[in-house]
Amino acid sequence: MAAQHQSLFNEFEPVSSKQWKQQIQYDLKGADYNETLVWESPEGIKVKPFYHRDEFEHKTHISHPDSFAIGQDIFVFDIEKSAYRALDSVNRGAESIRFTVDNPEVDVSKLLADLPLENITVFFDLQFLSPNFVGKIDAIAAARNAKIFCLIDPIGQLAADGNWFPTKDNFIDLQQIAAAKHVGTIAVKAGLYQNAGANIVQQIAYTLGHANEYFNRMGNIAQPMVLQMAIGSNYFFEIAKLRATRLLFKRIGQEYGHTQDCHILATPTRRNKTIYDYNVNMLRTTTECMSAALGGADTVINLPYDAVYHKSNEFGERISRNQLLILKHESYFDKVSNAADGSYYIESLTEQLAEKALALFKDIEAAGGFLKQLTEGNVQRKISESAEKEQALFDAGKEVLLGTNKYPNKNDRMADDLELFPFVKKKPRKTLITPIIPRRLAEKMEQERLETEKQSS
């Protein structure tokens, strides 16, 4: 006879939320509970010292992929070399490839010829608008039953560059491109907002407003929309950010009859990366990729630890890919679907972020929509205000980047190791709007250290 199941904790009385709080109040010995233990994030999210099931009457269901795909970035400059790198990356564990293409003359069939398209997802980050180019990709996807997305985002182009793509009408071209039947064609490159310093509520609301412009203008969007998100270092908040974004995107999409879940493509932020004590970047990207996986990203593409100051190189790419492989195959981040589900803390963060982001999204729509707010400069101004607040905290040492504004290695030298210019370049030019400029927190401090290096050499 099978043994009867016995609960190990039947002898213990459950402790209510009220009892926990009473005990905490007693231990505080007269100190104020809210002032002592409750802190508030830059987004206005109040974080409590404990969370209890008594406070959750219902749980919001959020769809979640069963696992995340490990991605690899490849900039296409030479067809044969890029095709080789893509195949080599797949053979070494990559499950998706993101090709960045800036030339419409690229031979796509040659680029994809040797890739096992039946087993991987391919993204084309196109730096131009070309219905003909997307048509070629669509034909390949149909012939080889491939899962391919073309990451096309005219509004993102305007936000980042200050100008539209150089065609007569970006949205007419996008309508033609969206007629492709076998590839996804519309993306929201929302990582720009995080990298420029927007707070988390702004990131979610601007992502939704950005996507809503396409729903408004494109009508029925048959394929999943790709949301490209940048992941910061606030571990639990970033998990909740992706969950809240997915939840609100689905609600907005349903208003347009769009029943597809979004495809979230997550990459670690550049905003907190440093050129001094650069190996710490590996630790930062590891926790950021963990947030992406637990938050429900469909695809995670890691950022090489030296991406800020080195050209693309085999070692940096291999290490960044191996970080994800360890998370997946040694730390088993793919074994539990929706691992964050049921965490009272993360559920609370998700609800609060979603509520505040939805309120901001509604304000944007009431004021004419995201594109109108962008062209009038209101989005840029709000992001700049948030970025300045964060920068002030960093400059004061209250926001810490180890090795840069805390515990720096004074013997560290970088002046001779910079293959890329790691700072914002000032290029005065004529634009339709003020572009949103990504900026790292450590730039000013690093420039001062580099200047000191030059003077002492």
Practice task
Mind listing just one residue for me: the one in region 252-285 that is charged (D, E, K, R) and more than 30 Å from GLY403 (Cα to Cα) and, of those, most open to solvent (accessible area, probe 1.4 Å)?
Solution key: GLU255
Handout entry: GLN194 touching a residue at least 24 places away in the same chain (Cβ under 8 Å), outside any loop (DSSP other than H, G, I, E, B) and surrounded by fewer than 17 Cβ atoms within 10 Å (Cβ to Cβ)
Key = no
Practice task
Please work out which one of (1) crowded, with 17+ Cβ neighbours inside 10 Å; (2) without any contact (Cβ under 8 Å) to a residue 40 or more places away in the chain; (3) of a type in the set (Val, Ile, Thr) is the condition VAL336 fails and give its number.
Solution key: (1)
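Per-residue answers, yes or no, for (1) hydroxyl-bearing (Ser, Thr, Tyr); (2) not in a helix (DSSP H, G or I):
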position: PHE237; (1), (2): no, no
position: ARG243; (1), (2): no, no
position: LYS250; (1), (2): no, no
position: GLY257; (1), (2): no, yes
position: THR267; (1), (2): yes, yes
position: MET290; (1), (2): no, no
position: ARG321; (1), (2): no, no
Exercise for the section: Scan (1) part of a loop (DSSP other than H, G, I, E, B); (2) more than 20 Å from the chain's Cα centre (by Cα); (3) surrounded by fewer than 16 Cβ atoms within 10 Å (Cβ to Cβ) for the single condition SER312 breaks and write down its number. Expected result: (3)
Problem - Residue satisfying condition, being in a strand (DSSP E or B), on the phi < 0 side of the Ramachandran plot and touching a residue at least 24 places away in the same chain (Cβ under 8 Å), within set ILE155, ILE74 - result: ILE74
Handout entry: Residue in region 398-405 that is in contact (Cβ under 8 Å) with a residue 40 or more places away in the chain and closer than 30 Å to LEU248 by Cβ present
Key = yes
Problem - Every residue from region 370-410 that is open to solvent by 60 Å² or more (accessible area, probe 1.4 Å) and assigned to a loop (DSSP other than H, G, I, E, B) - result: GLU376, ALA396, LYS398, VAL400, TYR407, ASN409, LYS410
Exercise for the section: Working carefully through the options SER67, SER63, find the one that is open to solvent by 40 Å² or more (accessible area, probe 1.4 Å), among the polar types (S, T, N, Q) and under 25 Å from the mean Cα position of the chain (by Cα). Expected result: SER67
Handout entry: Flag for PHE123 being without any contact (Cβ under 8 Å) to a residue 60 or more places away in the chain, within 27 Å of GLY191 (Cα to Cα) and of a type outside the set (Lys, Arg)
Key = no
Practice task
Could you please let me know if GLY296 is open to solvent by less than 40 Å² (accessible area, probe 1.4 Å) and more than 23 Å from ARG439 (Cα to Cα)?
Solution key: yes
Practice task
With the checklist (1) more than 14 Å from the chain's Cα centre (by Cα); (2) modelled with pLDDT of 95 or more; (3) aliphatic (A, V, I, L, M); (4) over 23 Å from ALA366 (Cβ atoms) in hand, flag the one item ALA196 doesn't pass.
Solution key: (1)
Practice task
Six or more apart or on different chains, Cβ under 9 Å: which pairs go from a residue in region 418-435 that's free of Cβ contacts under 8 Å to residues at least 12 places away in the same chain to one that's of a type in the set (Phe, Trp, Tyr)? Could you list them?
Solution key: PHE421/TYR309
Exercise for the section: Filter region 172-202 for residues that are among the hydroxyl-bearing types (Ser, Thr, Tyr) and in contact with a Phe, Trp or Tyr (Cβ under 6 Å, 6 or more places away or on another chain) and give the result. Expected result: TYR193
Problem - Conditions (1) open to solvent by 20 Å² or more (accessible area, probe 1.4 Å); (2) at pLDDT 95 or above; (3) part of a helix (DSSP H, G or I); number of the one not met by GLY93 - result: (3)
Problem - Selection within region 151-160 - surrounded by fewer than 22 Cβ atoms within 10 Å (Cβ to Cβ) and of a type in the set (Gly, Ala, Ser) - result: GLY156, ALA160
Practice task
Scan region 170-179 and give yes if some residue there is surrounded by 14 or more Cβ atoms within 10 Å (Cβ to Cβ) and without any contact (Cβ under 8 Å) to a residue 40 or more places away in the chain, otherwise no.
Solution key: no
Handout entry: Enumeration of residues in region 171-207 that are of a type outside the set (Val, Ile, Thr) and farther than 19 Å from THR269 by Cα
Key = PHE171, ASP173, LEU174, GLN175, GLN176, ALA178, ALA179, ALA180, LYS181, HIS182, GLY184
Practice task
Return yes or no: is ILE326 touching a Gly at 6+ places or on another chain (Cβ under 8 Å), at pLDDT 95 or above and β-branched (Val, Ile, Thr)?
Solution key: no
Exercise for the section: Filter region 212-243 down to the residues that are open to solvent by less than 10 Å² (accessible area, probe 1.4 Å) and β-branched (Val, Ile, Thr), then identify the one that is nearest to ILE172 (Cα to Cα). Expected result: VAL226
Exercise for the section: Quickly run through region 120-150 and pick out the residues that are open to solvent by 10 Å² or more (accessible area, probe 1.4 Å), farther than 24 Å from THR167 by Cα and part of a helix (DSSP H, G or I). Expected result: ILE140, ALA142, ALA143, ARG144
Practice task
Within region 260-276, identify whether any single residue is among the hydrophobic types (A, V, I, L, M, F, W, C) and farther than 24 Å from ALA69 by Cα, and answer yes or no.
Solution key: yes
Completion exercise
In the set ARG413, ARG439, ARG429, ARG449, the lone residue that is under 14 Å from TYR278 (Cβ atoms) and open to solvent by 90 Å² or more (accessible area, probe 1.4 Å) is ARG413
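The values are calculated or read from the model by the stated rules, or taken from the named source; none is laboratory data. Everything numeric here is computed off the predicted structure, so don't read it as measured data. Here the Cβ is made from the backbone with ideal geometry for all residues, glycine too, and neighbour counts use every protein chain on show. Note: accessible area is taken over every heavy atom of the protein model, side chains too, but ligands, DNA and RNA are not part of it. Shrake-Rupley method; radii C 1.70, N 1.55, O 1.52, S 1.80 Å.
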